[in-house]
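Visitor: I'd like to ask some things about the structure below.
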Amino acid sequence: MGYGYRPVIFLTTSVVSIGSNTMVVSSPYATISPSPTESALTLTQVHTIKDNAINDNDLENERTEVTVGEVAWLKICEVNHLGAFADWGLSKDLFIPFGEQQHPLRAGAYAVVKVYLDNQGRPTGSTRIDRWIEDTATTLTVGEEVELLIAEQTELGFKAVINHQFWGLLYSNELYRRIRRGQKTVGFVQRIRDDGKIDLSLNRPGFSESKIQPIIEAIENKLRENEGFLALNDKSPPPAIYAEFGVSKKIFKQAVGVLYKARKITIEPGGIRSAN
């Protein structure tokens, strides 16, 4: 088997753009050899992403655009004496040399991969993400909306790659819904610490009573439906709050605070009760 070539049956059409040129790939023999000066190699593909690390549900049919310079969640389809090869939708799989593997890769697993051009101008992969991603923010601002790729779970939460450039952290105690390695989502810069490292949130930072007014009304409706009592309060776990109202614990607490200050509710150990 040749360098990086694998037989592929295309079930979907891949569209590849190099600079201003576009090519529709429908043959397993189509290949691309960009020049070293090209920086706009874009591959659009449809595939299913499975998180092997935490044995969670698949991210089904998520449409992924992989561009040289970006970080992506890719399936490792072969490992041999040359290195590993990741499926990125072309007949010529993405080559990941042994020297660019943070840990030994195995066929069938998924990995966070940085796509770059090697010294011969060929698209190449690396799982040594720390070589490419900065720990500190240089261009981000608090409150900015960013693209996230969930990379790994830590004791504090989940590390995420921000805009393919920076590391950030989502804290577990602030998450109101489940996330998975390899998942792409929108987030926000919650704070930039004194050391320049970035804390993230899935909610836009800042308190706005108009933003939480729908949640206030939803809480009041639940109180009316349940004879004035709701078995949730500021001590309840985030998943329970999200299951009931579809919001984070932080937003729920803000709404409860507004109701409490208005003397519309009392807070009890087992939940909140209407004061009327």
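Nothing in this text is a laboratory measurement; each read-out follows from the coordinates by a stated rule. As the structure is a prediction and not an experimental result, all values here were calculated from the model. Please note: Cβ atoms are built from the backbone with ideal geometry, for glycine as well, and neighbour counts cover all protein chains shown.
Visitor: Would you mind checking which residues have amide H under 5 Å from Gly69's amide H? H placed 1.01 Å from N; only 5 or more apart, or other chain.
Guide: Val115, Tyr116
Visitor: Another one. So for each of 243-256, 211-224 I average, over its residues, the number of other beta carbons within 10 Å; can you give me the resulting order with the highest mean first?
Guide: Top to bottom by mean Cβ count within 10 Å: 243-256, 211-224.
Visitor: Name the trypsin sites (Lys or Arg not before Pro) in the range 81-118 that are in a loop by DSSP and that have at most 16 other C-beta atoms within 10 Å, would you? All intermediate terms of the calculation are to be shown ahead of the outcome.
Guide: Values: sites: Lys92, Arg106, Lys114; in loops: Arg106.
Answer by residue number: Arg106.
Visitor: Project the alpha carbons of the range 78-200 onto their principal axes and report the range along each, largest first, in whole Å.
Guide: 44, 30, 23
Visitor: If packing is taken as the average count of other Cβ atoms within 10 Å, what order do 182-188, 131-137, 70-76, 121-127 fall into, highest mean first?
Guide: Numbers: 182-188: 18.3, 131-137: 15.0, 70-76: 23.3, 121-127: 20.9.
Highest-to-lowest ranking by the protection proxy: 70-76, 121-127, 182-188, 131-137.
Visitor: Leaving out same-chain residues fewer than 8 places away, which lysines sit with a Cα under 17 Å from that of Lys250?
Guide: Leaving aside lysines fewer than 8 places away in the same chain, those within reach of Lys250 are Lys211, Lys235, Lys261.
Visitor: Round to the nearest 0.05 the FRET efficiency obtained for Thr138 and Arg204 when R0 = 30 Å and r is the Cβ-Cβ distance.
Guide: Once rounded, the FRET efficiency stands at 0.85.
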